[in-house]
1. Quick check for me: using +1 on Lys/Arg Cβ and -1 on Asp/Glu Cβ, what's the dipole size of segment 1-61 about its Cα centre, in debye to the nearest 20?
2. Over the alpha-carbon set of segment 94-142, work out the extent along each principal axis and list the three values in angstrom, largest first.
3. For the chain, which whole percent of the accessible surface, found with a 1.4 angstrom probe, sits on carbon and sulfur atoms?
4. Any chance you could look up the accessible area of residue 9 with a 1.4 Å probe, heavy atoms only, rounded to 10 Å²?
5. Starting from the Cα of residue 67, step 7 Å along the direction of its Cβ; do the same at residue 140; then give the gap between the two resulting points in nm.
6. Mind listing which GluC sites (Glu not before Pro) in segment 19-111 are in a DSSP loop and have 12 or fewer other Cβ atoms within 10 Å?
7. Remind me, what semi-axes does segment 1-60 give for its equivalent ellipsoid, largest first in whole Å, using sqrt of 5 times each Cα gyration tensor eigenvalue?
8. Given the chain, what count of lysine pairs have C-alpha atoms under 18 Å apart, with each pair 8 or more places apart or on different chains?
Amino acid sequence: MDTQAAQAMTDDEWKQKLTPEQYHVLREKGTEVPSTGQLLHNEAAGEYTCAACGTVLFKSDTKYESTIPGLIGWPSFADVAYDAQGQPAVILQDDDSLGMMRVEAMCRNCGSHLGHLFPDDSSPTGQHYCINSVALDFQKSE
Ligand SMILES: [Zn+2]
């Protein structure tokens, strides 16, 4: 789905396309219950795509297992995927909801909520993209 099509989608159309849990996370900025995601411990090589629009968001070579308490329980990535022009597939914005200052990670293409970005000493880049498994689909490498 291209950007124009994704941004023209109404709430009702998203509800029809997504499962109730996907809709809650992606379109209502929800958070899945920790340690429940199907992709949490996925170690296969491949690409993680946006469950809403299909854009490649993360690659398996940046997935890692964080050791920081409080950040364990969701798939962790040290970096995002970049398109052919070098643009990151994930955009960031400040999020001060729930009385916390956090950085929200969203799909650049469709604007759906994915998770948050945190500093993390156990990450190879020092950055921890803490992403809801339900916001992602996985395309295994051939
Ligand atoms: Zn998307």
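The values are calculated or read from the model by the stated rules, or taken from the named source; none is laboratory data. Computed from a predicted structure; not experimentally measured. Ideal geometry is used to build each Cβ from the backbone, glycine not excepted, and the neighbour counts take in all protein chains shown. These accessible areas exclude ligands, DNA and RNA; they are computed on the full protein's heavy atoms, side chains included. Shrake-Rupley method; radii C 1.70, N 1.55, O 1.52, S 1.80 Å.
1. Its charge dipole is roughly 60 debye.
2. In descending order, the Cα extents are 43, 28, 17 Å.
3. After summing per-atom areas, the C and S share lands at 49 percent.
4. 50
5. 3.0
6. Those that pass, being in a loop and sparsely packed, are 43, 65.
7. 22, 17, 8
8. 4
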